[in-house]
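The values are calculated or read from the model by the stated rules, or taken from the named source; none is laboratory data. None of these values were measured; they are calculated from a predicted model. Every residue, glycine among them, receives a Cβ derived from its backbone with ideal geometry; neighbour counts consider all protein chains shown. Please note that ligands, DNA and RNA were not included when accessible areas were found on the heavy atoms of the full protein model with its side chains. Shrake-Rupley method; radii C 1.70, N 1.55, O 1.52, S 1.80 Å.
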Amino acid sequence: MKTSIKNQIIVAVLVSQLLLAIGLTVAVVLYSRAQLLAGFNVMLEGRADSILAVIHDSEDASQKLILDRPKLNVPGRDLFEVWDDHGKLIWRSRNWQGTPANVMASLSPTFEFHQGESTYRGIVMRKATIFDEEDNQPGPPRNVTIAYAASTRELDRRIFKIGLFAAGSSLLLLLLAGLFAAHGVTRGLAPVQELAAEAARVSAHHWTFNPSQAAREKEELAPLANALDTTLAGLQRAFDREREFMADAAHELKTAVAILKSSLQLLIWQPRSNEEYRSGLGRSLEDCDRIEALVSNTLSLARAEQQADERRSDLQAIDLANHCEQSVADLRPLAEARGIELRCITSSEAIVKADPEGLHTVWVNLLQNAIQHSPTGSVVFLEVATSDPDTASVVVEDWGTGIPPQELPHVFDRFRRGDPSRSRSTGGFGLGLSICKAIVESYGGRIEIASPDGVGTRVSVTLPAVSAAGLVESSCS
């Protein structure tokens, strides 16, 4: 099931805004309630003080405290009661059963209770001193306790209105924030959608990838756009190279098969002697050998290129100097047959991680090229050196015909021949250097070719060297 990033972002923004709105609403309601309750308590204290002001001594000998009810100015729906300092009840509202016992036993100045369908909030003023202004002969100060309560219905209504207003305002702001978030997310993700649409148009027949400038200018999308550019360019080159390879291989095979077919047709065109048949079949066998060599080289190149793209774990530690000396010894008879001296110079020792057979193929191909393009009486050098502890290099150098400057950039191309006019006996297939390059790169090395002034050729192969400590560590692991 596909999901939308845009919808996920919008939902996340709306949920966060909703939580923020709920939090703000609750905070506003709680703060408003606290402030209103504080004001309500002040109102209760004021009304209790007004009751304290109308309490005075009776003018008879009993000196008891009385409440001057006609002078009392408090709402009739409020509840109150008054006790003297001896705990004797002076006055209690008719519609009240009295202050709960637990309130009088506690030291809290406020209390709440339910009566009927209403909730009441009250205060208790303990040990309040009365001042009788009409007493001409004041006695000792008299203390009273006053409990005064009023309905919180109006207070609750105001708190509800504040909460309703806060919730409505928050929902309105949430709606506006949602619209703004949807618009902003849609605009913000537009470059991503354009990038995805542009990438979706890429196929094996359509390699054009042109994301919008807005996508390239986005800090988060620029690396992705550049990576796609690089990846698609590499894939296109790989596809083009494969097409060229298949076309070139088919052409080479077709040519080799055509030559073989022509040789056989000439043999059966007319009766011939046994010697002529033997000579014709010999040439046909040579053509078959060429076809076999072409197929073998093509498979070797494909295998080497595949290994170059993988992390190889089958490599062995090889003494580079000794390995090169053996390859030179194998090709010395060929060089002597052409009147060419083959020299191997090993000025230092180096250990490299490689495949012995693959590395031997590299030296054989390079030395065969050097021998083939060197004049009689010349010298071909193979030198092993270490430029630093982590790098080993092998240089194959000859003083032959060299490579034209315009051909140097293409020497590693498949089926590329510097001399297209070679005969079947001397010409190759143009795969040798391609195979060498793929093998060397599969070992983590590199190969370079230079032909200064078009005279002679110098091939440099650089490989990672392995120290003795590295060999011990590798063998232990």
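Tell me which residues, restricted to the stretch 199-211, are among the small types (G, A, S) and either loosely packed, with under 13 Cβ neighbours inside 10 Å or farther than 22 Å from G188 by Cβ (or both). Give the derivation first.
Initial filter on the stretch 199-211 (among the small types (G, A, S)): 199-200, 203-204.
Result: A200, S203, A204.
Report whether or not L44 is free of Cβ contacts under 8 Å to residues at least 60 places away in the same chain and within 20 Å of N143 (Cβ to Cβ). The answer is no for L44. Taking the criterion of being touching a helix residue (DSSP H, G or I) at 6+ places or on another chain (Cβ under 9 Å) and open to solvent by less than 70 Å² (accessible area, probe 1.4 Å), the residues of the stretch 70-82 that qualify are L72, V74, P75, D78, F80, V82.
Within the stretch 163-177, can one find any residue that is closer than 30 Å to A38 by Cβ, in contact (Cβ under 8 Å) with a residue 24 or more places away in the chain and not small (G, A, S)? Yes, there is a match, as at least one residue in the stretch 163-177 is closer than 30 Å to A38 by Cβ, in contact (Cβ under 8 Å) with a residue 24 or more places away in the chain and not small (G, A, S). Taking the numbered list (1) surrounded by 14 or more Cβ atoms within 10 Å (Cβ to Cβ); (2) more than 30 Å from V192 (Cα to Cα) in turn, A34 passes all entries but (1).
Quick one: is L260 part of a helix (DSSP H, G or I), of a type in the set (A, V, I, L, M) and either touching a Phe, Trp or Tyr at 6+ places or on another chain (Cβ under 6 Å) or under 24 Å from F412 (Cβ atoms) (or both)? So L260 does not fit the description; no.
Filtering the stretch 393-416 to residues that are open to solvent by 60 Å² or more (accessible area, probe 1.4 Å) and modelled with pLDDT under 80 leaves D413, R416.
Could you tell me whether any residue of the stretch 235-242 is open to solvent by less than 80 Å² (accessible area, probe 1.4 Å), within 30 Å of I435 (Cα to Cα), within 41 Å of the chain's Cα centre (by Cα) and among the aromatic types (F, W, Y)? So far as the stretch 235-242 goes, no, none of its residues is open to solvent by less than 80 Å² (accessible area, probe 1.4 Å), within 30 Å of I435 (Cα to Cα), within 41 Å of the chain's Cα centre (by Cα) and among the aromatic types (F, W, Y).
Residue pairs whose Cβ atoms lie under 6 Å apart, separated by 6 or more positions or on different chains, with the first residue in the stretch 329-357 and in contact (Cβ under 8 Å) with a residue 60 or more places away in the chain and the second polar (S, T, N, Q), are A350/T386. Confirm whether V42 is within 60 Å of the chain's Cα centre (by Cα) and open to solvent by 40 Å² or more (accessible area, probe 1.4 Å). So V42 does not fit the description; no.
Of all residues being of a type in the set (S, T, N, Q) and within 20 Å of S347 (Cα to Cα) in the stretch 359-392, which is least open to solvent (accessible area, probe 1.4 Å)? Just the residue, please. Explain how you work it out, then say what you get.
Going through the stretch 359-392, the residues of a type in the set (S, T, N, Q) turn out to be 361, 365, 368-369, 372, 374, 376, 378, 386-387, 391.
Now drop any that are not within 20 Å of S347 (Cα to Cα), which leaves 386-387, 391.
Details: T386: 58, S387: 91, T391: 31 Å².
The extreme case among them is T391.
Out of curiosity, is I66 within 22 Å of P141 (Cα to Cα), aliphatic (A, V, I, L, M) and at pLDDT below 90? Answer is yes for this residue. Taking the residues in the stretch 212-226 that are open to solvent by less than 50 Å² (accessible area, probe 1.4 Å) and under 20 Å from the mean Cα position of the chain (by Cα) as candidates, determine which candidate is farthest from G188 (Cα to Cα). Within the stretch 212-226, the match that is farthest from G188 (Cα to Cα) is A225. Residue check: G46 meets all listed conditions (1) of a type in the set (G, A, S); (2) in contact with a helix residue (DSSP H, G or I) (Cβ under 9 Å, 6 or more places away or on another chain); (3) over 17 Å from A167 (Cβ atoms) but one, namely (2). Does S263 fit the bill of being at pLDDT 80 or above, small (G, A, S), under 26 Å from G430 (Cβ atoms) and open to solvent by less than 90 Å² (accessible area, probe 1.4 Å)? It is false that S263 is at pLDDT 80 or above, small (G, A, S), under 26 Å from G430 (Cβ atoms) and open to solvent by less than 90 Å² (accessible area, probe 1.4 Å).
If you go through the stretch 7-17 one residue at a time, how many are open to solvent by 70 Å² or more (accessible area, probe 1.4 Å) and either hydrophobic (A, V, I, L, M, F, W, C) or touching a Pro at 6+ places or on another chain (Cβ under 9 Å) (or both)? Show your work before the answer.
In the first step, residues of the stretch 7-17 are kept if they are open to solvent by 70 Å² or more (accessible area, probe 1.4 Å); the result is 7-8, 11, 15.
Subset that is either hydrophobic (A, V, I, L, M, F, W, C) or touching a Pro at 6+ places or on another chain (Cβ under 9 Å) (or both): 11, 15.
Of the residues in that region, 2 qualify.
Exactly one residue out of Q316, Q270, Q306 is on the phi < 0 side of the Ramachandran plot and at pLDDT 85 or above: that is Q316.
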